[in-house]
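Data first, discussion second: the structure below is written as structure tokens.
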Amino acid sequence: MPLRLVVALGALVTLVGFFTVDLGAQTVSEAKLLSATRWYGGDDPVFGGFSAIEVSEDGETFVALTDRGHITRGRFLRKDSTIEKVAHGPLKTLTSPRGDPLRGIWTDSEGLAVAPDGTVYVSFEIRHRIVEYKTGQKKGRDLPPNPATRKMVANSALEALAVQPDGTILVIPEGNGSQKTPHPVYRLRPGAMTWEKPFTLPRYRPYVPVGADVGPDGRLYVLERHLSSIFGFTNRIRRFDMNDDSLTNETILLQTEVGAHDNLEGLAVWQDQEGQIRLTMVSDDNFKFFQVTEIVEYVVPDGAGVRTELLITHD
């Protein structure tokens, strides 16, 4: 969800209310920060607002999505496997099923997933839908609608998107930090016309899911965010073992301190040459001068992670 209004008005909210919640102050991470690299767009007026990212299997190239209907491909310039610079191509406007450039309320693109065959999936808020973009085709194709979106708030809906190796789509609505019910996970199998809700994620307020990916290990990784105070955001990544009808072994891999990074919204999970899992994230600057666009990358050591039941009590 775009935080344009939330961030702009954040400093005006009563300070007492902010300081009563500071979950990001306690770090429970075993993931190691490798780099936090500023990404610059020059004078391009549509650069910014990045809400999602996907990274190639070798960690060299990427696809990134803005929350205003633009997509770009780029490359990480690495030294000793660490990102030093980010290069990208033109920001292209996403299209409708008729091939027309998206405009107005149709442009609120939030989630991104790239299937093994190169098919790109984009989830949209406000006009709730998921669009499929086949390689080499200019027109998008709407996936079957999910009836559950009828009850979703415009800016708290289809935020975190992922695709399994067989092409199965997973999407997690953002919701808001005051809700108490578990986060639903919706699934659309290849060729199916009906969405399923095979499992839910335990909710730990006030964090909300903003990004997701299925790692090379077959696990589900979920990026969550909380605007903790006027001092900034805190983020968290949870990992789940996943089978056909359940999520198990819930693990917190990362929980950042307040202000450690900007508004991280996009998550890509891949495996480096040493066999370690890497977590590459992108921040949404909300097109605000006081925020930044950055690419943040962590590595997860073998066996890392702390079981959540040892750390947090479920709501």
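Computed quantities for the displayed model
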read-out: Percentage relative contact order, the range 127-227, counting C-alpha pairs under 8 Å, at least six apart; value: 20 percent
read-out: Net +/- balance of residues flanking THR119 in space, Cβ distance below 9 Å, scoring K and R +1, D and E -1; value: -1
read-out: Qualifying lysines (Cα of each under 25 Å from Cα of LYS151; at least 8 residues distant if same chain); value: LYS180, LYS197
read-out: Of all accessible heavy-atom area on the chain, the percent that carbon and sulfur account for (1.4 Å); value: 52 percent
read-out: Debye, to nearest 20: dipole size of the range 167-209, +1 on Lys, Arg Cβ, -1 on Asp, Glu Cβ; value: 120 debye
read-out: Length-normalised contact order for the chain - Cα pairs under 8 Å, 6+ apart - percent; value: 20 percent
read-out: Average silhouette area of the range 198-298, convex hull of alpha-carbon atoms, in square nanometres; value: 7.0 nm²
read-out: Mean Cβ neighbour count within 10 Å, used as a protection proxy, ranking 154-160, 242-248 highest first; value: 154-160, 242-248
read-out: Sum of side-chain charges, VAL86 neighbourhood, beta-carbon under 10 Å (Lys, Arg +1; Asp, Glu -1); value: +1
read-out: Gain upon complete extension [GLN276, ASP217; 0.36 nm per residue less C-alpha separation]; value: 20.2 nm
read-out: Dipole magnitude (debye, nearest 20) for the range 227-285, charges at Cβ of Lys, Arg, Asp, Glu; value: 160 debye
read-out: Label assignment, Rg and Dmax of the Cα atoms in Å derived from the structure, set (1) 18.1, 53; (2) 22.2, 75; (3) 46.5, 176; value: (1)
read-out: Cα lying deepest toward the dipole's positive end in the chain, options PHE231, THR168, GLY59, charges on Cβ; value: THR168
read-out: Relative intensity, log₁₀ I(q)/I(0), of the range 58-204 from a Debye sum that treats every alpha carbon as a point, q = 0.17, 0.19 Å⁻¹; value: -1.01, -1.19
read-out: Simple label model, 7 Å out from Cα along Cβ direction - THR93 to GLN179, nm; value: 3.2 nm
read-out: Charge-dipole axis of the chain as Lys and Arg at +1 and Asp and Glu at -1 on Cβ define it, positive-most pick from PRO184, VAL300, LEU253; value: PRO184
read-out: Per residue solvent-accessible surface (Å²) - the chain, probe of 1.4 Å; value: 46 Å²
read-out: Dipole axis of the chain (+1 Lys, Arg; -1 Asp, Glu on Cβ), positive-most option in ILE105, LEU264, HIS70; value: ILE105
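The values are calculated or read from the model by the stated rules, or taken from the named source; none is laboratory data. Everything quoted here is computed from the prediction, not taken from an experiment. Positions of Cβ are generated from backbone atoms using ideal geometry, with glycine treated the same way; all protein chains shown enter the neighbour counts. Keep in mind that these areas ignore ligands, DNA and RNA; they rest on the heavy atoms of the full protein, side chains included. Shrake-Rupley method; radii C 1.70, N 1.55, O 1.52, S 1.80 Å.
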